[in-house]
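Structure, as structure tokens:
Read-outs: derived from the displayed coordinates by stated rules, not from any lab. Values in this document were obtained by computation on a predicted structure and should not be read as measured data. All Cβ positions, even for glycine, are placed from backbone atoms using ideal geometry, and neighbour counts span all protein chains on display.
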Amino acid sequence: MKIAFTATGEGWDALIDPRFGRTDYILIYDEEKDELVSIDNREIMDVAHGAGPKTAQKIHELDPQVLITGNGPGGNAASILKQMQLKIYIKASGMSVRDAYRSFKNNELILGG
Amino acid sequence: MRLAIASGKGGTGKTTLAVNLAIKAKEKQSCLLVDLDVEEPNGGIFVQGDLVAEHEARRAIPDWDAAACTLCGKCPSWCLYNALIKLGDTILVMPNLCHSCYACSEMCPASALAMKPDSLGTITHRRFEGLDFVESRLEIGLEQASPLISQSLAYIDEHLEKHDLQILDSPPGTACAMVSAVKQADFVILISEPTPFGLHDLKLAVQTVRELGIPFGAVINRDGIGNDEIYGYLKEEKIPLLAKIPHQRRIAELYSQGAMLYKEIAEIDEALEDILSYIGRLR
């Protein structure tokens, strides 16, 4: 299974970025390969409109089965993510990616979106 | 004379001033009041009157034709607002982000993005004791205030006879909607209150109106609260202070009853007189 995180940095110790559309990084953990890949999303800073859909499009291309984020995607982004078989867990802000993953495995995260 | 009443900060008395000024002005001249605070028009709470006309405002958004589309993927890169997203073999149109610029529709090599009409809001024309009142109301859930405001002003130019005085009740803030409402005005009244927040947002509004190159003056509402920094600022910037409206409990009581304030409060009547005579001298 592939799990996407919105994060403020790279690696397991990075914190979950509460923002979806304007997240600094998207981290993808591939459980089968046991590999954590980071995608720099900071170019989104220069996007004035439609940051949510743009980040959602990236998520769509990366094709994870699970997304772990903070505040949750807004309406426009949600309309895109709906096209995917994606489980969205929210309110993980403040956790490290490592803790968020652990909480997900322990079924402690809140399903939203 | 087209007069826009605007503010940086919300809740400083735009509608109160616009409505009272319009009702008082129409005693001596032909007057049109336009509520352009399209996301929450509330002039109609104070001014009802008889319905003259109702106009459905529409906008155009692209409609993706899956059969015609070659999935070349160019359209998302043309859209400044990211209203088009390519997802695999689908083009998704996000109506909430679309600004109806027609770029995708015009440039699509396969003509797969024809523009189709969509509802935007309602423009209502009423007449209240000799005052023409136009209310512009954005459809609930939509975000495109500016196109509706532009359409409302075009509607007035096309369908209503010329009035001596047009008063535009503008949206709050200093973003696109406010700019759309004030940019065609001959004069702008910026109404604020003497608080740090009121001053901060007045400065933003002053910058905006200066950038647009429209003459303007200030009205200070709730005089007596906060501090007098705002008066120092107006003086320093040589911004004419057209009137002050005092902070009084009685005003809030009358307002909550939907009453015309200038008929009951002498200070407001004087303030309106001052504003109208200032505007009169500009002609």
### Query
Which percent of Cα pairs goes in each bin when the distances of the protein assembly as shown are cut into 20 angstrom slices starting at zero?
24, 41, 30, 5, 0
### Query
What is the Cα coordinate range of the range B:238-283 on the first, second and third principal axes, sorted by size from largest, in whole angstrom?
35, 21, 14
### Query
Which helices count as membrane-span-like in chain B under these terms: full DSSP H, at least 15 Å along the axis by C-alpha, Kyte-Doolittle mean of 0.5 or more?
B:14-25
### Query
What FRET efficiency would be calculated for the residue pair B:Lys116, A:Leu111, taking the C-beta separation as r and a Förster radius of 25 Å, to the nearest 0.05?
0.10
### Query
Once both labels are modelled 7 Å past Cα along the beta-carbon direction, what's the B:Asp164-B:Leu80 spacing in nm?
4.1
### Query
What pairs in A:Lys54/B:Lys74; B:Lys24/B:Lys238; B:Lys14/B:Lys183; A:Lys87/B:Lys116; B:Lys26/B:Lys235; B:Lys24/B:Lys244 have C-alpha atoms more than 26 Å from each other?
B:Lys24/B:Lys238; A:Lys87/B:Lys116; B:Lys26/B:Lys235
### Query
How many times 2.2 N^0.38 Å is the alpha carbon radius of gyration of the range B:55-152?
1.33
#### Entry: Spread of Cα-to-Cα distances over 5 Å intervals beginning at zero, given as percent, for chain A
2, 14, 26, 28, 20, 8, 2, 0
### Query
Taking the C-alpha atoms of chain B, how large are the radius of gyration and the largest Cα-Cα span, Dmax, in Å?
21.5, 70
### Query
For the range B:1-91, treating each Cα as an identical point scatterer without solvent, what Debye log10 I(q)/I(0) comes out at q = 0.16, 0.24, 0.26 1/Å?
-0.77, -1.31, -1.42
### Message
With just the Cα atoms defining each centre, how far is the range B:47-112 from the range A:1-70? Give it in Å.
### Response
27
### Query
Taking the Cα centre of the protein assembly as shown as the origin and placing charges on Cβ (Lys, Arg +1; Asp, Glu -1), which of B:His125, B:Ile191, A:Leu27 is farthest toward the positive end of the dipole?
B:Ile191
